[in-house]
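Worksheet: one structure, shown below.
Just so you know, all these numbers are worked out from the coordinates, no wet-lab data involved. No experiment lies behind these values; they were computed from the predicted model shown. Cβ sites come from the backbone with ideal geometry, for glycine too, and all protein chains shown count toward neighbours.
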Amino acid sequence: MIFSLQGIVQELTPTYAVINVNGVGYYVGISLMTSQRLTLNKETFLFIQQIIREDAHLLFGFHTRLEKEMFNLLISVNGVGAVSALILLSTLSLEEIASAILSGNGAVIQKAKGIGAKTAERIIVDLKDKVQKFATTEANISSFENNKVKEESLSALEVLGIPKRTSEKIADRILKQSPEITIEELVKQILKNI
């Protein structure tokens, strides 16, 4: 199984590239997103997904591991082939695909040529629980920041001899009211409320 290719970009189009690895040219299907990151006659590294069918051995290349993961999730949905998945990846960014799936917005997914209402619905149903990591929405970023502030504050309080369980509930309540709070402020507020 081919996992990755490193070589010179011998041919480049919006939908495929030929990667020359030590004199052997590999024909690799790519999305527009990956195509824009490649330069003709320059060295590149691509993550590869190999699909073996009765009539063909196909290679698909991705500039990032996340794009490859999204491709594999999409082709796992009944009715979504490799070409449809590449078209979707060429039409929308990973974040747009993920947020459309998470919010159940089939109209956004249908912007990709060849994906109808039924297929869009199937993508949403099948992948709703699997695409969280691709959605870097504001909410995710701020909750990640909140967790960092909370963890560091609780660690500081543990050093002071205050059990984590005691301070955690207070921390959650304070963070809900003031999501932008600093670690120092949070520690002070928790100490006041114990």
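Here are some notes:
- For the chain, the longest principal axis of the C-alpha atoms and the axis of helix 94-103 are separated by about 60°.
- In the distance distribution for the chain, Cα-Cα pairs more than 28 Å apart total 47 percent.
- Estimated inter-spin distance, residue 6 and residue 125, nm [label 7 Å along Cα→Cβ]: 4.4 nm
- Test item: Cα-centred dipole of the chain, Lys/Arg +1 and Asp/Glu -1 on Cβ, debye: 320 debye
- For the stretch 4-20, the Karplus equation 6.51 cos²θ - 1.76 cosθ + 1.60, evaluated at θ = phi - 60°, returns couplings of 8, 10, 10, x, 8, 6, 7, 9, 8, 10, x, 10, 8, 9, 10, 9, 8 Hz by residue, with Gly and Pro reported as x.
- Sorted on the mean count of surrounding Cβ atoms within 10 Å across their residues, most packed first, peptides 9-18, 77-86 read 77-86, 9-18.
- Virtual spin-label span in nm between residue 50 and residue 160, 7 Å along Cα→Cβ: 5.8 nm
- CD proxy at 222 nm, helix term only [per DSSP H run n ≥ 4: -39500 (n - 2.57); per residue of the chain; nearest 500]: -15000 deg cm²/dmol
- Cα lying deepest toward the dipole's positive end in the stretch 1-71, options 1, 57, 19, charges on Cβ: 19
- Modelled this way, with points 7 Å down the Cα-to-C-beta line, the labels at residue 40 and residue 111 are 2.9 nm from one another.
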